[in-house]
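What follows draws every value from the coordinates through simple rules; no lab data is involved. As the structure is a computational prediction, the values presented were derived from the model and not from experiment. Here Cβ is always computed from backbone atoms with ideal geometry, including for glycine, and neighbour counts include all displayed protein chains.
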Amino acid sequence: MMKLSEAIRLGAMMAPQVKGVAISDEGTCAMGGAIQAAGLTLLPNNPSAPPTRELSSGQSSVSVRFPAEWGMSVQHICPECHGKRVLARLIPHINDDHGWTREQIADWVATIEPQQAPQESEMGAELPEQQTAVIT
């Protein structure tokens, strides 16, 4: 499994950085780039819409199933303003409100993520559950 910091770095190479939206025709924010780089499925908040890998224009929010090892529901302190938020909200906050580059965000994420992802043999037969978060 790709680490979150690696997904952010890869996403930064795929499209220009934008603010205020995860994924758009113009580019991606740090979170949107990570979503695309890791090939995660977007779950539209409209139950009749099918899961997709692309946001449609005008779509304001989606749910995403994140790998559990990314720890998206864990609270962290913002390295800039020291506010406390879950990681799924903190990364867009740093991207949009503090104007960090995606590379700077990836560097910071690398300091808070586990240094080594568990190997399949260490996890046994049970795989970690995925976490779902709404991205706006």
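Of note:
- Among 76, 82, a tally of other beta-carbon atoms within 10 Å of each Cβ gives an order, fewest to most, of 82, 76.
- Fewest-first ranking of 81, 29, using other Cβ atoms within 10 Å as the exposure measure: 81, 29
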